[in-house]
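Enquirer: Can you keep this structure in mind? I'll have questions shortly.
The values are calculated or read from the model by the stated rules, or taken from the named source; none is laboratory data. Because the structure is predicted, anything quoted here is derived from the model rather than measured. Methodologically, a virtual Cβ is constructed for each residue, glycine included, from the backbone with ideal geometry; neighbour enumeration extends over all protein chains shown.
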Amino acid sequence: MTIVPSQPSDQAKAILESLRQAVHETLERKQRLGQYAVIWEDGELRLIGAESDHAAPKAIAHSNR
């Protein structure tokens, strides 16, 4: 079986852009509300946001279940 790499279709590009915009808006809203967010970065979970220092033990403990 030969797999030929191809460029994403225009529809796939539009879907990806829509998802990026939704994530951007959600993270901005969480920041305005003073909430933290858990993201995946460099192969590890990372907490971002104003309250992430206080929430870190609970968020990481919950993710290991």
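Enquirer: Does LEU16 meet the test of being surrounded by 11 or more Cβ atoms within 10 Å (Cβ to Cβ) and at pLDDT 95 or above? Write out each step before concluding.
Expert: Values: surrounded by 11 or more Cβ atoms within 10 Å (Cβ to Cβ): yes; at pLDDT 95 or above: yes.
Taking the combined requirement at face value, the residue satisfies it.
Enquirer: Hey, does the stretch 35-49 have a residue that's assigned to a helix (DSSP H, G or I), within 13 Å of the chain's Cα centre (by Cα), surrounded by 10 or more Cβ atoms within 10 Å (Cβ to Cβ) and free of Cβ contacts under 8 Å to residues at least 12 places away in the same chain?
Expert: Looking for residues that are assigned to a helix (DSSP H, G or I), within 13 Å of the chain's Cα centre (by Cα), surrounded by 10 or more Cβ atoms within 10 Å (Cβ to Cβ) and free of Cβ contacts under 8 Å to residues at least 12 places away in the same chain, one finds none in the stretch 35-49, hence no.
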